[in-house]
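*Asks:* After the structure tokens below, expect a handful of questions from me.
The values are calculated or read from the model by the stated rules, or taken from the named source; none is laboratory data. Computed from a predicted structure; not experimentally measured. Every residue, glycine among them, receives a Cβ derived from its backbone with ideal geometry; neighbour counts consider all protein chains shown. Side chains included, ligands, DNA and RNA excluded: accessible areas come from the protein's heavy atoms. Shrake-Rupley method; radii C 1.70, N 1.55, O 1.52, S 1.80 Å.
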Amino acid sequence: MGKTLAEKVWDDHLVAKGEDGAPDLLYIDLHLVHEVTSPQAFDGLRMAGRPVRRPDLTIATEDHNTPTLAIDRPIADLTSRTQIETLRRNAKEFGVRLHSLGDIEQGIVHVVGPQLGLTMPGITVVCGDSHTSTHGAFGAMAFGIGTSEVEHVLATQTLPLTPFKTMAITVEGELRPGVSAKDIILAVIAKIGTGGGQGYVLEYRGSAIRSLSMEGRMTICNMSIEAGARAGMVAPDAITYDYLHGRPHAPQGEDWDAAVAYWDTLATDDDAVFDAEVFLDADELEPFVTWGTNPGQGVSLSESVPNPAEITDPNSRAAAERALEYMDIAAGTPMKDIAVDAVFMGSCTNSRIEDLRAFTSIIAGQKKADGVRVMVVPGSARVRIEAEAEGLDKIVTDFGGEWRFAGCSMCLGMNPDQLAPGERCASTSNRNFEGRQGKGGRTHLVSPLVAAATAIRGTLSSPWDLVNADADTFVDPNAIDEAAAQQDAAEQNGTLRNARQGANV
Amino acid sequence: MEKFTRFSGVGAPLRRSDVDTDQIIPAVFLKRVTKTGFEDALFYSWRQDPDFVLNRPAYSGASVLVAGADFGTGSSREHAVWALRDFGFRAVLSPRFGDIFRGNSGKQGLLAGQISEEDAVRLWDELEAHPGTEITIDLVERVATIGALSVPFSIDDYTRWRLIEGLDDIGLTLRDEERITEFESRRENWRPKTLPVK
């Protein structure tokens, strides 16, 4: 019997096969670190007198606590500042490369890894952050870990792990213009539920997935964890290789050829068997939006808020009732009638250059709705620079939006960017939990295209709702401009070298 | 983790049962970014009382705690173990432990040995009659001794083995270090390295 993509990557990282029910010991190719989940891990090393085994496979950024305005000033919140300062001290003491606030490579850890070309097919990636699943878009096995596991990886570059089961999520068909990767994953989560993926590695397959750009695939894999799965993967192909080739840490020359030869063997074998399978029709998919307080509580934007009384499962019904109360919306309300106070465009789910291009393609030349606050936060310093070179920042500010510095920002209530109690937000982030974007804040998860249309109209809207909208007024987020991509990569190499000379490494 | 076979240190009698982890370290101290520096937080409320056993000079350097039944119950906070270790304790003897606390102790190299209720009283009497007396903990024989008084304690075989070998989870993995090194020697050149590109 053949093997799945996940099984191949797993087997190729076995340091020791567990016996008598003991876990396998898996080698970790890449360890990403940020300020929140690492301090006690480094302290554990210090207490035990252990070094970081492979600083050359470890890289850190500051993202969760960092402000997105006035980044040259000291961080006002003392707890946040302490965590940042602790990471800086630890990185220096243990010889770990760190990209601090203000550095050109600083940004959300899951944007920085792929951007540098560190994330690649067939590797294992871990980080003390559940959205590490993002990196699976390259055909890597990538998952979030806890602080004690962070310490374990720092010390040994391995993790004891019990194998996952495998689930195929097959999405066939062609997305209509205005429908994007975010809508696919929101629909998948609504279909299998927030616990549907527990214990599984998800593999996204099918023609709709194959035609997505790397950014789109990252958006989908990013939210695997919202379906309960620790990891999600997409088999590597020409789109993967095109994205990766020429990036600073991508293999070069003979190494590149050897890598591609190996990567070409990774796709799931035809006779491999998944433990579970799910199918979704891309042709029928509409822009999707959440109405509740978990990412599985979503509907098509053209639908109405569901009625909890019609939900048969008592736990789901009770959850829906609580969610509607918290969200302060009535059952039966058309989703498009819901007015928002804020639009957040950012997070590790949707803050890459392509996301910003999609968003600004809709708002260009328009004015935001009165009373709606629009915040646009690039995922990394480099994305910000790239966007500014294209004039996207100007489009945002002309529109009446705020153009910020890179970070996790309003995705989580950990830095100054937060909703006020009772405020309602259309957000391109990944979690609509109670209070996630600030105490009492209400979140509707949406795609960048829906966020843009909503910012124009002031109510939850799809690009289809815009007056004068037709297929030409917005870019198809699935289309890839190969020439532009190659130029981006080339420029990136040049800028990186220049930046490195003054970089705070 | 430091190997633990035989250890002698000043014993402190804590004549109380049901010492939950909120008493060992209150929640207000959980916001720190370190695993160390919790010594001042240990038994924070009780130490406001000058007569509390650990405030008495004879017990100030104590490293073996003899407590009543149900020590370390309640919240799972690993900080409770960190605080005891930071203060200088290497072992706690009690007739019964909270399960999670006992597990956490094993991971952090703190010996949690179970003794009988009667032996707890004998040890308290001895330590209070002669403040500053040392207790010897012999993990190989599973016996605690003060002078002529010897009491047996129990600890599960796996934790005992790990403490004697000085192995935490990471230590256990590092027993396979040769295999890790061997795996690394086969690691292909194309795989990522984070060192700055020259």
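*Asks:* Any residue at all in the stretch A:265-287 that's within 14 Å of another protein chain (Cβ to nearest Cβ), over 26 Å from A:Gly379 (Cα atoms) and of a type outside the set (S, T, N, Q)? Don't jump to the end; show me each part of the working.
*Replies:* Start the filter on the stretch A:265-287 by keeping residues that are within 14 Å of another protein chain (Cβ to nearest Cβ), which leaves A:265-266.
Those still in the list that are over 26 Å from A:Gly379 (Cα atoms) too: A:265-266.
Subsequent filtering for residues that are of a type outside the set (S, T, N, Q) retains A:266.
Yes - at least one qualifying residue is present in the stretch A:265-287.
Conditions tested, residue by residue: (1) of a type in the set (Gly, Ala, Ser); (2) open to solvent by less than 20 Å² (accessible area, probe 1.4 Å); (3) farther than 21 Å from A:Val450 by Cα.
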| residue | (1), (2), (3) |
| --- | --- |
| A:Ser304 | yes, no, no |
| A:Ala309 | yes, no, yes |
| A:Arg322 | no, no, yes |
| A:Gln366 | no, no, no |
| A:Glu388 | no, no, yes |
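Rundown of residues vs (1) open to solvent by 40 Å² or more (accessible area, probe 1.4 Å); (2) modelled with pLDDT of 95 or more; (3) in contact with a strand residue (DSSP E or B) (Cβ under 9 Å, 6 or more places away or on another chain), yes/no style:
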position	(1), (2), (3)
A:Asp398	yes, yes, no
A:Gly401	no, yes, yes
A:Ser409	no, no, yes
A:Leu419	no, no, yes
A:Glu423	yes, yes, yes
A:Thr428	no, yes, yes
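*Asks:* For the stretch A:324-364, enumerate the residues that are open to solvent by 20 Å² or more (accessible area, probe 1.4 Å), part of a loop (DSSP other than H, G, I, E, B) and farther than 30 Å from A:Asp129 by Cβ.
*Replies:* Of the stretch A:324-364, the ones open to solvent by 20 Å² or more (accessible area, probe 1.4 Å) are A:325-326, A:328-334, A:336-337, A:339, A:341, A:354, A:357, A:361, A:364.
With part of a loop (DSSP other than H, G, I, E, B) added as a condition, the list becomes A:328-333, A:341, A:364.
Scanning the stretch A:324-364 gives A:Asp328, A:Ile329, A:Ala330, A:Ala331, A:Gly332, A:Thr333, A:Ala364.
*Asks:* If you don't mind, another one. Looking at (1) charged (D, E, K, R); (2) under 22 Å from the mean Cα position of the chain (by Cα); (3) more than 14 Å from every other protein chain (Cβ to nearest Cβ), which one does B:Asp168 not meet, given that it meets all the others?
*Replies:* Here B:Asp168 clears every test but (3).
*Asks:* Counting only residues that are among the aliphatic types (A, V, I, L, M) and assigned to a helix (DSSP H, G or I), which one in the stretch B:141-170 is most open to solvent (accessible area, probe 1.4 Å)?
*Replies:* Filtering first and then ranking leaves B:Ile164.
*Asks:* With respect to the numbered conditions (1) at pLDDT 95 or above; (2) not in a strand (DSSP E or B), which one is the sole condition not fulfilled by B:Gly37?
*Replies:* Unmet for B:Gly37, out of (1) at pLDDT 95 or above; (2) not in a strand (DSSP E or B): (1).
*Asks:* Against the conditions (1) in contact (Cβ under 8 Å) with a residue 12 or more places away in the chain; (2) open to solvent by 10 Å² or more (accessible area, probe 1.4 Å), where does A:Pro74 fall short? Just the number, please.
*Replies:* (1)
*Asks:* To continue, here is another question. In the stretch A:67-107, how many are farther than 14 Å from A:Met414 by Cα and of a type outside the set (D, E, K, R)?
*Replies:* First, pick out the residues of the stretch A:67-107 that are farther than 14 Å from A:Met414 by Cα: A:69-74, A:85-107.
Restricting the remaining residues to those that are of a type outside the set (D, E, K, R) gives A:69-71, A:74, A:86-87, A:90-91, A:94-96, A:98-102, A:104, A:106-107.
Count: 19.
*Asks:* Restricting the search to the stretch B:10-34, which residues are more than 14 Å from chain A (Cβ to nearest Cβ), surrounded by fewer than 18 Cβ atoms within 10 Å (Cβ to Cβ) and not in a loop (DSSP other than H, G, I, E, B)? First the steps, then the outcome.
*Replies:* Just the residues of the stretch B:10-34 that are more than 14 Å from chain A (Cβ to nearest Cβ), to begin with: B:10-27.
Subsequent filtering for residues that are surrounded by fewer than 18 Cβ atoms within 10 Å (Cβ to Cβ) retains B:15-18, B:20, B:22, B:26-27.
Within the stretch B:10-34, B:Asp20, B:Asp22, B:Ala27 qualify.
*Asks:* If a residue has to be open to solvent by 20 Å² or more (accessible area, probe 1.4 Å), more than 9 Å from chain B (Cβ to nearest Cβ) and touching a residue at least 12 places away in the same chain (Cβ under 8 Å) to count, how many in the stretch A:14-63 make the cut?
*Replies:* Number satisfying all stated conditions: 6.
*Asks:* Considering the stretch B:171-180 alone, what residues qualify as being at the interface with chain A (Cβ under 7 Å from one of its Cβ atoms) and outside any helix (DSSP H, G or I)?
*Replies:* Listed by number, the list holds a single entry, B:Asp176.
*Asks:* If I filter the stretch A:250-264 down to residues being part of a helix (DSSP H, G or I) and open to solvent by less than 10 Å² (accessible area, probe 1.4 Å), which single residue comes out as nearest to the other protein chains (Cβ to nearest Cβ)?
*Replies:* A:Ala259
*Asks:* Among B:Ser60, B:Ser45, which is within 15 Å of B:Pro131 (Cβ to Cβ), out of contact with any Ser or Thr (no Cβ under 8 Å at 6 or more places or on another chain) and of a type in the set (Gly, Ala, Ser)?
*Replies:* Sole residue among the options that is within 15 Å of B:Pro131 (Cβ to Cβ), out of contact with any Ser or Thr (no Cβ under 8 Å at 6 or more places or on another chain) and of a type in the set (Gly, Ala, Ser): B:Ser60.
*Asks:* Could you count how many residues in the stretch A:144-164 are part of a loop (DSSP other than H, G, I, E, B) and crowded, with 19+ Cβ neighbours inside 10 Å? Steps first, please.
*Replies:* Quick first cut of the stretch A:144-164, residues part of a loop (DSSP other than H, G, I, E, B) only: A:145-146, A:157, A:162-164.
Now narrow it down to the ones that are crowded, with 19+ Cβ neighbours inside 10 Å: A:145, A:157, A:164.
Number of matching residues: 3.
*Asks:* Let me ask something else. Within the stretch A:99-125, restricting attention to residues that are of a type in the set (Val, Ile, Thr) and assigned to a loop (DSSP other than H, G, I, E, B), which residue is farthest from the other protein chains (Cβ to nearest Cβ)?
*Replies:* So, considering only residues that are of a type in the set (Val, Ile, Thr) and assigned to a loop (DSSP other than H, G, I, E, B), the one farthest from the other protein chains (Cβ to nearest Cβ) is A:Ile108.
*Asks:* Follow-up question, since we're still on this one. Got a sec? Which of B:Phe183, B:Phe89 is more than 14 Å from chain A (Cβ to nearest Cβ), buried (at least 18 other Cβ atoms within 10 Å of the Cβ) and of a type in the set (Phe, Trp, Tyr)?
*Replies:* None of the others qualify; the one that does is B:Phe89.
*Asks:* Test B:Ala62 against the stated conditions and say whether it is over 26 Å from A:Thr37 (Cβ atoms) and either assigned to a helix (DSSP H, G or I) or among the basic types (Lys, Arg) (or both).
*Replies:* No.
*Asks:* Follow-up. When you look at A:Ile456, is it touching a Leu at 6+ places or on another chain (Cβ under 8 Å), modelled with pLDDT of 95 or more and of a type in the set (Val, Ile, Thr), yes or no?
*Replies:* yes
*Asks:* Show me the helices (runs of 4 or more DSSP H) entirely contained within the stretch B:77-140 in which 1 or more residues are in contact (Cβ under 8 Å) with a residue 60 or more places away in the chain and either under 22 Å from B:Phe52 (Cα atoms) or among the hydroxyl-bearing types (Ser, Thr, Tyr) (or both).
*Replies:* Numbers: elements: B:79-87, B:99-108, B:117-129.
In the stretch B:77-140, B:79-87, B:117-129 are the helices (runs of 4 or more DSSP H) which contain 1 or more residues that are in contact (Cβ under 8 Å) with a residue 60 or more places away in the chain and either under 22 Å from B:Phe52 (Cα atoms) or among the hydroxyl-bearing types (Ser, Thr, Tyr) (or both).
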